[in-house]
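First the structure, in the form of C-alpha cells, and then the observations on it.
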Amino acid sequence: MVKAVWKFLLGVSTFILFCVPNLVPVLSLMGEDEQYDSELTPLDRAIKVAIYDSIFRSPKLIHNSLKYTWNYENSSYAFNATLIDSREILGYGAHPLNNDNFDVFVMGASARQYIHGLYPLFKFNLRKFVSEGGGYVGFCGGANEASQAILEDNTLLGTIINKALIGIANVYSNDQQKEEWQYAWKEAKGDAGNNSGIPLNVSINTSHPIFSICNEKIRNIRWWGGPGMLIADKDDPLFGEICPLAIYIEEPMDKGPIHYWKNSLFKNPETYKTVVTDIAGQYAGVATTYNKGKIVLYGPHPEYSTWTNGYINEFETETRGWIGNKFVYNWTGCETRHDYNWWIIRRSVAWVSGLTEKILPPIEVVL
C-alpha cells in the first residue's frame, strides 16, 4: 500500500514538474520567437547554433559561452547562437530547426525533452536534422536524450524518460533515479542551489581534435547527476564508432557523499542510507556520428563553474527541494570562474559543425 501511494505521488510530482511547464510551448506552436540573434559582424564563417532552452540556467550559460569570435590565419570565425524551444523543433516559429537555418543543435541541462520527446514529430525532426549533417552536442540530460536507454531504471519517471529518448548515439546511459539523479533531486533551490553539484575529475583523450591542444590529462568539471555512458552495440548502419573523450576517474558517492534522511516527531533528523553511484570508469564524454551528422555528449557540465577543493554540506531547508526533499546539499570550496571550462563547449560545437582540428577555437583558461 505504501509503495502504491509513493508511486502515485511520484507520478503527480512528475506531471507537475515536467508536464505543466511544457504544455505552453506545445499549445502555442505559432508563437513569436523573440530570441533569434539576427545581426552578425561580417565574418568568414558563422556557425549557426540552436540551443534548446529550459527553466534551468544551463542553456543561458551555454549561450553566453558561444558569444565568441576567433581568428585563424587570415580568417575570422564566430558562433551565432539562438535559444529555441519545442515550437522550433516541431517545425514552427520564426526559425524552425532544420539544416538551412542551423548547423548545430545543443541541449544542456533540461527536463523538457523528456516530455517533448514523447511527440513523434519532435523525435523525427531531431533525428532528421542530425542525419542530414547537423551537429548535436548534449550535456547531462542532453546526453541522456541522445542515448539508446537509461539502464536498470524501472521507476515511473525512468520509464517515461526512456520512451522519450531519440537514440541517435550508440550508447547507454547509467543515470538512475535512485542513484545518480539524487544529486539533482537533492540540490538546494533558489540562490543556495547555485552551489549544488560536485567537482569531479575526468581523464581526457588528448588524441581527439577537441582536446588535442590541451596539456592536461585530467580535467575538473562540475557534475550534477549526469550519466556515465557505455557502448550499446546496437546494429544500425546509421551509427558511427564511439570515440571516448573523457572517463570518470572519481566516484560521486566517494568524492561528495549525500544521504537519504528520515525525520521523526520524537527525535532529531538522521541519515539512514548513503546515496549510491557507480559511474567511475565509465565514459564522461564521447564523440560519434549519426549518418552524416557529428555528435558529442558529456555527462558533466562544462558550462558551470567548478571547485578546486572543498566538501559537501548537507542541511535541512525550510523551502523544500525537488520532489519535496527537505534535506539538501551544497558544495563548499574555492570556486572557479564560470568560463573555466567554456573552451570545451566551443571546441565541441565547432568540431560537430565540421571545422577541422587546426581551425577549432583556442583554449582559454582562467581560474
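Bear in mind that the values in this text are calculations on the coordinates, not laboratory data. Keep in mind that what you see is a predicted model, and the values were worked out from it rather than measured. Note: ideal-geometry Cβ built from the backbone for every residue, glycine included; neighbour counts use all protein chains shown.
Distance between the 7 Å Cα→Cβ label points at Phe315 and His338: 2.3 nm. Rank these for me by crowding, Thr271, Thr159, Thr277, Thr288, going from fewest to most other beta carbons within 10 Å. Ranked by crowding around the Cβ, least crowded first: Thr159, Thr271, Thr288, Thr277. Ordered by the number of other Cβ atoms lying within 10 Å of each residue's own Cβ, fewest first, Phe56, Phe124, Phe79, Phe139 fall into the sequence Phe124, Phe56, Phe79, Phe139. Treating r as the C-beta distance of Thr308 and Lys262 and R0 as 30 Å, the FRET efficiency rounds to 0.30.
The GluC sites (Glu not before Pro) of region 212-260 that DSSP puts in a loop, and whose beta carbon has at most 15 other beta carbons within 10 Å, are Glu216, Glu241. With 18 Å as the limit on Cα-Cα distance, the pairs of Lys178/Lys326; Lys60/Lys326; Lys189/Lys326; Lys178/Lys273 that go past it are Lys60/Lys326.
Modelled spin labels at Thr274 and Ala46, positioned 7 Å past Cα toward Cβ, are 5.3 nm from each other.
Treat each spin label as a single point 7 Å out from the Cα along the C-beta direction, and report the Arg57 to Ser207 distance in nm. Reported label-point gap for Arg57 and Ser207 is 3.8 nm.
Taking other C-beta atoms within 10 Å as the exposure proxy, Ser173, Ser54, Ser76 rank Ser76, Ser54, Ser173 from fewest upward. Loop-resident chymotrypsin sites (Phe, Trp or Tyr not before Pro) (DSSP state other than H, G, I, E or B) in region 159-266 with no more than 11 further Cβ atoms inside 10 Å of their Cβ: Phe266.
The GluC sites (Glu not before Pro) of region 97-192 that DSSP puts in a loop, and whose beta carbon has at most 16 other beta carbons within 10 Å, are Glu132, Glu152.
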